[in-house]
Amino acid sequence: MTSAKRLAAVPDIPPLGDAVPGYEGSGWLGIGAPRNTPADIVGKLNEEINAVIAEPAMHEHMIGLGIEPEAMSPAQFGKLILEATEKWAKVIKFADLKVN
């Protein structure tokens with residue numbers, strides 16, 4: 001498990017961070033909207049998406065797929081994207097990765 005914490009779908013498998021402190025290499029999924037989408041529309045989409053993932057049947061279905069749904073505000077999701085971009089940019093630079 002490369003996530004920072006144990007996953008509900010496989011609680012007996014410890015995360016790699018238990019052996020390598022600070023390690024975290026999980027992926028994430030999200031739903032975005034085009035730039036300049038009106039704030040009221042973004043807010044409504046966010047409200048509805050969070051409501052769907054909070055439904056017990058959907059929540060359990062996602063857990064079964066290995067996805068741990070987390071309700072976020074648009075600002076929280078924006079912060080997640082920024083932090084992930086910065087984190088992986090450092091990895092790409094350190095590894096001197098190039099696109100062919």
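Bear in mind these aren't lab numbers, they're just calculated from the coordinates by the rules spelled out. Keep in mind it's a predicted model, so treat the numbers as computed, not measured. Reconstructed Cβ throughout: ideal geometry from the backbone, glycine too, with neighbour counts over all protein chains shown.
So how much slack lies between residue 83 and residue 54, counting 0.36 nm per residue of separation and subtracting their Cα-Cα distance, in nm?
Extending this stretch completely gives an extra 8.0 nm.
Which of the helices in the chain meet the span-like rule: DSSP H, Cα axial reach of 20 Å or more, Kyte-Doolittle mean at least 0.0?
Numbers: long enough: 39-54 (22 Å, 0.58); 74-95 (31 Å, 0.18).
Result, helices passing both filters: 39-54, 74-95.
In the chain, once you exclude exposed chymotrypsin sites (Phe, Trp or Tyr not before Pro) (DSSP loop, at most 13 other Cβ within 10 angstrom), what's the longest stretch remaining?
Result, exposed sites excluded: 29-100.
Normalising by the residue count of the chain, find the relative contact order in percent from Cα pairs under 8 Å and 6+ residues apart.
21
Quick one: what does P(r) look like for the chain with 10 Å bins over all Cα pairs, in whole %?
In order of increasing distance, the bins hold 13, 33, 35, 18, 2 percent.
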